[in-house]
Amino acid sequence: MPDNILEIRNLVTAFDTEGGQLTAVDGVSFEVERGTTLGVVGESGCGKSVTALSIMRLLPQPMGHILDGEIRFEGVDLTKVPADGMHEIRGAKISMIFQEPMTALNPVHRIGRQISEVFLLHRKDMDKKAAWKASIDILEKVGIPSPEIRYGEYPHQLSGGMRQRAMIAMALALKPSLVIADEPTTALDVTVQAQILNLMSDLQKEMGMSIVLITHDLGVIAETCDEVVVMYAGRIVERAPVKELFANPLHAYTRGLLHSIPRLDGKRKTRLNTIEGNVPALKDMPDGCRFGARSGIEHTAEELTRRPQLEEVSPGHWVATCPKCYQPE
Amino acid sequence: MSKLLEIKNLKMHFPVKGGVLLRAIDSCKAVDGVSLHIEEGETLGLVGESGCGKSTLGKCVVRLNDPTSGEVHFEGQDITHASRKTILPLRRDMQMIFQDPAESLNSRHTVRNIIEEPFIIHKIGTRADRQKRVDELLEKVGLSPAAASRFPFEFSGGQRQRIGIARAIALNPKLVVCDEPVSALDVSVQSQVLNLMLDLQRDMGLSYLFIAHDLAVVKHVSDRVAVMYLGKIVELAGADEIYQNPRHAYTKALLEAIPVPDPTKKREHPILEGDVPSPIHPPEGCAFGHRVQAPKYHESIGQEIGIEEIEPGHWVSTCPCCVER
């Protein structure tokens, strides 16, 4: 039996809107093995961030609801934990790194105060002095030069990369066992992105935490993840170990994604492969294959109404078995 | 081929105000001595990290910024200090596509108003002509003419960028400055927009100044690529050449930092540390040598660093610490 830190079973998350209830995540299941990195990839609106917020129980209130499913973290079903109970888990055992540190950090508080707050809230044995010391240590660990000076600075005084390091410091302050990183490097330059990804993998080796990395960048996935989940329109279409997924993509959507990125070794000024059209709107999502309309392959009415099941077609490789989008050789 | 646009030793320094009287106490050297040219029908890619001055350079080209010194020639005409009256007709030939179409399209105007506006500004055609042109343009960028009566928020990001492109090509321009045109888009949509831009270039003979930070995208669309660091061009060469044979340490570092979508390849080289220094107080010597603590950094202090042609069409900075000779 693999040692899974997180097990999600058939998660369904919906939002109340003026036009009725919209299902953003529709029956998602996956596991994260302890100490590994799971990548979640997909286009904007595919439900990857909502999945993350569901795990953290940070869905916008009052419109966001988890309608069904289980989120088992170290054996505890988070969907059943009362709000007070989540305060103790969130930040201490599971923490989150957001995309844009400028909006996730509080602009009117000094960096150091925001980090030491984590210690003061969760660690009753720590006084202000001890929290200061611990904050300096963690700032140093994430590679912020002269942490004593940075401690007293405001977020706007730091560069984008430094701010993201400060966010990582805050997320890792209490040595959580699971970190959810939602597009942690999307707002950064490619050089700084490389620094941050390196930092995260070094810290993972040192602290042994598990990571769920949400991104739309397949390059980032290839470089950092052990296993990958590909999401499309609220559902998982494919899931596999990273090398297997890149070597042997089985679903039409995964193939489309992999082929549409321009490559450095590709021929210049040639037409790129595209996935035509757009993701269907949440309010008129088909029950059946949701990629059908964009796949360029004619789907029958039945295929568009009957939900394709996710099946394990080879060890560890799962694919949504729409008869048109997945055609085994 | 002839030169459509030529920039000579362009500088754009913004005053930094301070003190009680808000006098200029310092200057931010966003663009600091850039020379380059774009030929007809060509795409010049411009890459660099944020804060290196690439957007400012793009705005100087279409004169949305007034350069501090240097020269901008468009079709042989010096437009560096051209008055508003002389620049207006030239703007028909130079257009701009912005990064975030949600912000660069007026949300209170219908798509028709947005695309029609260039014709109204330049007093072209009757109402019926304009109507027809808008429909044609929408079709050209892959939208249905029915889109004309809708508002920008009713469209997805990729469709909005198509509207921005339709507006930019409305007057049959010669040069389009594209400032990060696809960085806000998803990969599947990004490739649609890039294909559209390549098609339009072929059909209309457009020249692009393509500003982006994604080197794979830049390589795909460009004929030549210029690499910018802290207000200066450090390397400029043919797109294939610069990727196969980068000479400047910064170009090499940028290329190595790109995550490769292939899990069997692992990064071999050490990654570039630190950030771009402040353009207000740049280091004394070479700005990049200072960042990476190049062993020969001291040689660059006090030197005037320019750019020289080391092979036909391959220009690289004369910095002693970043380029091996």
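The table for this structure:
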item: Residues A:Gln157 and B:Lys265, FRET efficiency given R0 of 35 Å [Cβ-Cβ distance, rounded to 0.05]; result: 0.40
item: 11 Å beta-carbon shell around A:Lys128, net charge (K/R +1, D/E -1); result: +1
item: Label-point gap, in nm, between B:Asp199 and B:Asp26 - each point 7 angstrom along Cα→Cβ; result: 4.9 nm
item: Tail weight of P(r) past 25 Å, computed on alpha-carbon pairs of the range B:206-324, percent; result: 25 percent
item: Using a Förster distance of 22 Å, the FRET efficiency for B:Asn172-A:Arg271 (Cβ separation, nearest 0.05); result: 0.45
item: Under the Karplus curve 6.51 cos²θ - 1.76 cosθ + 1.60, θ = phi - 60°, whole-Hz ³J(HN,Hα) for the range B:27-43, x wherever Gly or Pro sits; result: 9, 9, 8, 5, 10, 9, x, 10, 10, 6, 9, 10, 8, 5, x, 9, 10
item: Counted charge near B:Leu209, where neighbours are those whose Cβ lies closer than 10 Å (Asp, Glu -1; Lys, Arg +1); result: -1
item: Calculated FRET value between A:Ala83 and A:Arg306, using beta carbons and R₀ = 30 Å, to 0.05; result: 0.20
item: Cys with no candidate disulfide partner in chain A (beta-carbon separation under 4.7 Å rule); result: A:Cys46, A:Cys225
item: Distance (nanometres) between label positions extended 7 Å along Cα→Cβ at A:Gln327 and B:Ala82; result: 5.5 nm
item: Cut-off 12 Å between beta-carbons: net charge of the residues surrounding B:Lys296, Lys and Arg +1, Asp and Glu -1; result: -1
item: Max mean-square fluctuation residue, GNM over chain B, Cα-Cα springs under 10 Å, options B:Lys123, B:Lys296, B:Lys266; result: B:Lys266
item: DSSP bridge orientation in chain A - percent antiparallel, rounded to nearest 5; result: 65 percent
item: Other-chain or far-sequence residues with amide H under 5 Å of A:Ala24's (modelled H); result: A:Thr13, A:Ala14, A:Phe15
item: The range A:4-232 - charge dipole about Cα centre, Lys and Arg +1 at Cβ, Asp and Glu -1, debye rounded to 20; result: 940 debye
item: Spatial extent of chain B: Rg and Dmax, with the Cα atoms as the point set, Å; result: 20.9, 67
item: Dipole axis of the protein assembly as shown (+1 Lys, Arg; -1 Asp, Glu on Cβ), positive-most option in A:Phe98, B:Cys52, A:Val81; result: B:Cys52
item: The range A:4-232: relative contact order as a whole-number percent, Cα under 8 Å and 6+ apart; result: 29 percent
item: Residue (of A:Leu58, A:Leu38, A:Ala222) at the positive-pole extreme of the range A:4-232, dipole from beta-carbon charges; result: A:Leu58
item: Estimated dipole of the protein assembly as shown in Debye, rounded to 20 [Cβ of Lys and Arg +1, of Asp and Glu -1, Cα centre]; result: 1520 debye
item: Rounded to the nearest 20 debye, dipole of chain B from Cβ charges on Lys, Arg, Asp, Glu; result: 1160 debye
item: Extension gain (nm, one decimal) between A:Arg72 and A:His259, 0.36 nm per residue minus Cα-Cα; result: 63.8 nm
item: Considering only the protein assembly as shown, percent of DSSP beta bridges that pair antiparallel, nearest 5; result: 65 percent
item: Rough spin-label spacing in nm, given labels placed 7 Å along Cα→Cβ, for B:Asp66 and B:Phe151; result: 3.6 nm
item: Centroid-to-centroid separation of the range B:193-251 and the range B:114-131 [C-alpha atoms, Å]; result: 33 Å
item: Greater than 27 Å apart at Cα, pairs in B:Lys59/B:Lys123; A:Lys141/B:Lys29; A:Lys269/B:Lys3; B:Lys85/B:Lys174; A:Lys48/A:Lys93; B:Lys8/B:Lys219; result: A:Lys141/B:Lys29
item: Separation between Cα centres of the range A:62-85 and the range A:293-320, rounded to whole Å; result: 29 Å
item: Distant alpha-carbon pairs in the protein assembly as shown (separation over 42 angstrom), percent; result: 30 percent
item: Principal axis dimensions, largest first and in whole angstrom, of the range A:4-232 by Cα; result: 49, 39, 37
item: Per DSSP, loop GluC sites (Glu not before Pro) in the range B:210-281 with at most 10 further Cβ within 10 Å; result: B:Glu268
item: Top positive-direction residue, dipole computed over the protein assembly as shown with Cβ charges, set B:Phe210, B:Gly231, B:Ile25; result: B:Ile25
item: Mean ellipticity per residue at 222 nm, deg cm²/dmol - from DSSP H runs of n ≥ 4 across chain A, formula -39500 (n - 2.57); result: -9500 deg cm²/dmol
item: Relative contact order of chain B, pairs being alpha-carbon contacts under 8 Å that are 6 or more residues apart, as %; result: 20 percent
item: For the range A:216-251 versus the range B:49-88, the gap between their alpha-carbon centres in whole angstrom; result: 44 Å
item: DSSP beta bridge pairing in chain B, given as percent antiparallel to the nearest 5; result: 65 percent
item: Equivalent ellipsoid semi-axes - Cα gyration tensor, the range B:36-146, angstrom; result: 29, 19, 14
item: Loop trypsin sites (Lys or Arg not before Pro), the range A:259-324, which have at most 12 other Cβ atoms in a 10 Å radius of their Cβ (DSSP); result: A:Lys267, A:Arg271
item: 0 to 90° range, to nearest 10: angle between helix B:187-204 axis and chain B longest Cα axis; result: 80 degrees
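Read-outs: derived from the displayed coordinates by stated rules, not from any lab. What you see is a predicted model, and the numbers here were worked out from it, not measured in a lab. Neighbour counts run over all protein chains shown; Cβ positions are idealised from the backbone, glycine included.
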